[in-house]
Amino acid sequence: MERLRELFDLVAHHGTTTAADIGTHIENSGIGADDFRLATTIALLQKLGDQPIDFEQFAAIVGDELLMVNRAFRRQLVIPDWQEFCSDIETVYRHVATDRSGSNADYIPILRDADPERWGVAVCSVDGQRMGLGDVDVYHSIQSVSKPLTYAFALDREGFDFTHQFVGMEPSGRPFNALDLLPDERPYNPCVNAGAIMMAGLVASGAPHLSDREITQVIMNLWAKLCGHVAPVHFSEETMLSERDTADNNFAIAYLLRGRCGLPRSVDLHKMMDVYLSCCSIEMTARMLSIAAATLANGGVCPITGEQVLPTDVVKKTLSVMQSAGMYDNAGVFTLEVGLPAKSGVAGAVMVVIPNLMGFATFSPRLDAYGNSVRGVSFCRQLVERFTFHMYDSISGGRTGCKRDPRASQHTRRQRDLTDLRWAVSHGDRYATKVRDLMLDCMISITLADGEIEASELATMAEAYAELMNEQPDPGALQQQAVACQQRAVQEGRHGATGAFEALVERLRRELPLLDDNSRELILEAAFRVSCADGEIEPEEDLQLRSIAEALAIHEGVLELEIARFQRQLPAPR
Ligand code: GLN
């Protein structure tokens with residue numbers, strides 16, 4: 001009973017709450033109303049609306065799904081600070097929205113005429129936490145995003161050996177619609193048109209009793225399961241007809257395949273092409289694709305229905321192919337910069353998988369020279385500059401440049417780092433003392449930057465320091481340190497108000513090799529506290545923070561998230 005009571009107290013005030021409040025609590029964790037693990041509780045809550053709920057009623061409502069309610073309430077989902085994470089995603093989303101470069105695919109009217117301004121980002125964690133921004137419910141043809149799934153379907157049905165008699169697994173380094181084949185005459189991989197056409201042929205050859213449309217329907221059913229049936233999977237007749245009208249290049253590929261390596265089970269070439277083109281004409285939304293990506297990130301188990309949609313082994317192979325070839329002839333650069341399996345389509349979708357963490361999908365029709373959505377790729381890059389999502393971020397030796405890791409609560413981690421620092425300083429640890437001194441230097445140099453240190457500034461600084469280090473500094477000692485700071489700058493030949501600040505930046509640069517992520521973050525935090533002490537970050541302070549971040553090799557995107565976070569905490573202007 002004790003634990004249940006504690007859980008209740010998280011949502012109750014004076015022994016009572018409302019169903020709506022409990023619902024909001026669940027919603028804030030990112031879990032959707034249709035989540036299979038909480039569906040009963042959420043349905044009950046919705047029926048009760050604003051009614052007051054006491055402890056006994058609470059126990060009865062959540063009893064059936066207690067474990068999950070507990071996890072949602074106690075922030076024990078894979079991304080604990082979900083609301084914070086959503087706000088960070090929004091910061092990146094807005095950033096990318098200003099990019100209007102690239103242009104729509106124009107080989108068929110429906111893509112040429114699509115609104116180029118559309119911009120949507122949807123995220124789904126492997127725990128089923130979901131969010132969407134902008135045009136995430138706009139249906140668009142999935143085009144090449146269909147390719148990895150057709151491959152997964154073929155692997156599942158036909159097995160690895162037979163499937164790979166007809167397709168390779170090498171990145172092609174060539175445009176997606178190139179007529180190139182491997183020296184052994186197989187297509188390079190399932191993500192370029194030649195490979196995808198072959199996979200469509202393989203799937204068609206395995207279902208001789210079904211028409212091309214019936215086969216497409218089976219694949220659409222698989223997509224529906226992958227995205228947890230949150231919305232219907234559509235088919236665009238218009239896209240299909242235009243695709244067929246403009247498919248000369250794809251037909252050339254098909255004939256080449258038949259002429260060179262032969263088609264699986266001598267399947268009819270037109271049936272193969274119709275399956276390929278109709279898979280391209282399947283319509284989904286970014287929200288749906290983000291859940292499909294999360295299912296892949298979760299080893300084939302859909303996070304919101306719990307269904308094993310694809311065997312884990314098939315998912316592993318599919319992700320490997322997406323990793324090496326999903327972004328066409330830009331796949332190498334993408335792997336280097338973003339380091340995640342992804343698949344794009346010419347309608348403007350990009351679907352990205354962060355294994356064991358989440359899937360996301362973007363939608364924006366303007367494409368770059370490779371046929372990838374400009375904003376989609378830019379979003380991926382910016383995300384990975386700010387978060388430890390690149391697959392090799394895990395071998396950074398604690399030096400990622402302070403990228404965020406949403407798998408851990410940032411607040412809890414920072415508190416822990418601070419507690420550790422205070423403790424180590426109190427025992428005379430050399431490293432910790434250096435970090436503490438650099439923190440103090442930052443605070444002093446920022447305060448000095450406008451000339452003399454006034455008494456009020458000294459007080460503000462002392463307060464910020466006390467908050468961080470949990471000890472009241474001696475004002476006299478602080479004053480002395482400030483003077484020492486100024487003198488040091490003068491000794492180094494730096495004069496004037498900015499001298500001390502320049503000396504600080506120089507010192508940070510020098511010390512950088514010794515500082516791990518935790519220490520850099522604490523130093524930036526110290527600088528941040530004094531800059532924000534008066535409730536705003538003035539342009540001058542903004543520049544100073546940027547210089548400090550730069551000297552500490554903290555990416556400016558990370559600083560921007562921090563600034564946006566600070567601004568969210570400010571009271572709204574009246
Ligand atoms: N329908 C397009 C084609 O076959 C799909 C290509 C793509 O999305 N890159 O050319």
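Are any residues in the range 40-51 closer than 27 Å to Val301 by Cα and open to solvent by 40 Å² or more (accessible area, probe 1.4 Å), and if so, which ones? Once the filter is applied, which keeps residues that are closer than 27 Å to Val301 by Cα and open to solvent by 40 Å² or more (accessible area, probe 1.4 Å), the range 40-51 yields Thr40, Ala43, Leu44.
Residues in the range 385-443 that are surrounded by 14 or more Cβ atoms within 10 Å (Cβ to Cβ), without any contact (Cβ under 8 Å) to a residue 60 or more places away in the chain and β-branched (Val, Ile, Thr): Thr388, Val425, Thr433. Restricting the search to helices (runs of 4 or more DSSP H) fully inside the range 35-152 and requiring at least 2 residues that are touching a helix residue (DSSP H, G or I) at 6+ places or on another chain (Cβ under 8 Å), of a type in the set (A, V, I, L, M, F, W, C) and more than 16 Å from the ligand (Cβ to nearest atom) gives 39-48, 55-62, 66-73, 82-97. Can we say Thr312 is at pLDDT 95 or above and surrounded by 24 or more Cβ atoms within 10 Å (Cβ to Cβ)? No. List the number of the failed condition for Asp517; all other conditions in (1) loosely packed, with under 15 Cβ neighbours inside 10 Å; (2) of a type outside the set (Phe, Trp, Tyr); (3) touching a Gly at 6+ places or on another chain (Cβ under 9 Å) hold. Condition not satisfied by Asp517: (1). The residues of the range 241-273 that are surrounded by fewer than 22 Cβ atoms within 10 Å (Cβ to Cβ) and within 13 Å of the ligand (Cβ to nearest atom), listed by number, are Leu241, Ser242, Arg244, Asp245, Thr246, Ala247, Asp248, Asn249, Asn250, Phe251, Ala252. Of the listed requirements (1) modelled with pLDDT of 90 or more; (2) surrounded by 15 or more Cβ atoms within 10 Å (Cβ to Cβ), Glu506 misses just one: (2).
Reported count of residues in the range 274-296, each being away from the ligand (no atom under 12 Å from the Cβ), among the hydrophobic types (A, V, I, L, M, F, W, C) and either open to solvent by 10 Å² or more (accessible area, probe 1.4 Å) or under 27 Å from the mean Cα position of the chain (by Cα) (or both), is 9. Comparison of Gly195, Gly159 shows that the only residue that is within 16 Å of the ligand (Cβ to nearest atom) and open to solvent by less than 40 Å² (accessible area, probe 1.4 Å) is Gly195.
Taking the range 472-499 as the search range and keeping residues that are in a helix (DSSP H, G or I) and β-branched (Val, Ile, Thr), which one is nearest to Met443 (Cα to Cα)? Looking at residues that are in a helix (DSSP H, G or I) and β-branched (Val, Ile, Thr), I get Val483. A residue that is surrounded by fewer than 22 Cβ atoms within 10 Å (Cβ to Cβ) and either hydroxyl-bearing (Ser, Thr, Tyr) or free of Cβ contacts under 8 Å to residues at least 60 places away in the same chain (or both) occurs nowhere in the range 125-132. When the range 221-255 is filtered for residues that are in contact with a Pro (Cβ under 9 Å, 6 or more places away or on another chain) and touching a residue at least 12 places away in the same chain (Cβ under 8 Å), the ones remaining, listed by number, are Gly228, Glu238, Ser242, Ile253. Look at (1) touching a Leu at 6+ places or on another chain (Cβ under 8 Å); (2) more than 25 Å from Asn330 (Cβ to Cβ); (3) open to solvent by 10 Å² or more (accessible area, probe 1.4 Å); (4) within 16 Å of the ligand (Cβ to nearest atom) and you find that Ile219 fails only one, number (3). Scan the range 392-433 for residues that are assigned to a loop (DSSP other than H, G, I, E, B) and either in contact with a strand residue (DSSP E or B) (Cβ under 8 Å, 6 or more places away or on another chain) or not aromatic (Phe, Trp, Tyr) (or both) and the total you get is 16. Here Ala231 clears all of (1) assigned to a loop (DSSP other than H, G, I, E, B); (2) crowded, with 16+ Cβ neighbours inside 10 Å; (3) in contact with a strand residue (DSSP E or B) (Cβ under 9 Å, 6 or more places away or on another chain) except the condition numbered (2). Test of understanding: among Phe389, Phe379, which residue is modelled with pLDDT of 95 or more and assigned to a loop (DSSP other than H, G, I, E, B)? Residue meeting the stated conditions: Phe389. Only one entry of Ala347, Ala369 meets the criterion of being more than 12 Å from the chain's Cα centre (by Cα), within 16 Å of the ligand (Cβ to nearest atom) and surrounded by 24 or more Cβ atoms within 10 Å (Cβ to Cβ), and that entry is Ala347.
Please state which of the following conditions Phe176 fails to meet, knowing it meets all the rest: (1) open to solvent by 30 Å² or more (accessible area, probe 1.4 Å); (2) closer than 16 Å to Thr318 by Cβ; (3) among the hydrophobic types (A, V, I, L, M, F, W, C). It fails just one condition, (2). Here Asn356 fulfils each of the conditions (1) open to solvent by 10 Å² or more (accessible area, probe 1.4 Å); (2) within 14 Å of the ligand (Cβ to nearest atom); (3) of a type outside the set (Val, Ile, Thr); (4) touching a residue at least 60 places away in the same chain (Cβ under 8 Å) apart from (2). Filtering the range 315-344 down to residues that are among the hydroxyl-bearing types (Ser, Thr, Tyr) and over 20 Å from Trp223 (Cβ atoms), which residue is most open to solvent (accessible area, probe 1.4 Å)? It comes out as Ser320. Looking only at residues of the range 2-34 that are assigned to a loop (DSSP other than H, G, I, E, B) and open to solvent by 70 Å² or more (accessible area, probe 1.4 Å), we find that the one that is modelled with the lowest pLDDT is His14.
Only one entry of Ile554, Ile548 meets the criterion of being open to solvent by less than 30 Å² (accessible area, probe 1.4 Å) and not in a helix (DSSP H, G or I), and that entry is Ile554.
The values are calculated or read from the model by the stated rules, or taken from the named source; none is laboratory data. Being a predicted model, the structure only gives us computed values, none of them experimental. Positions of Cβ are generated from backbone atoms using ideal geometry, with glycine treated the same way; all protein chains shown enter the neighbour counts. SASA here: full protein model, heavy atoms, side chains in, ligands and nucleic acids out. Shrake-Rupley method; radii C 1.70, N 1.55, O 1.52, S 1.80 Å.
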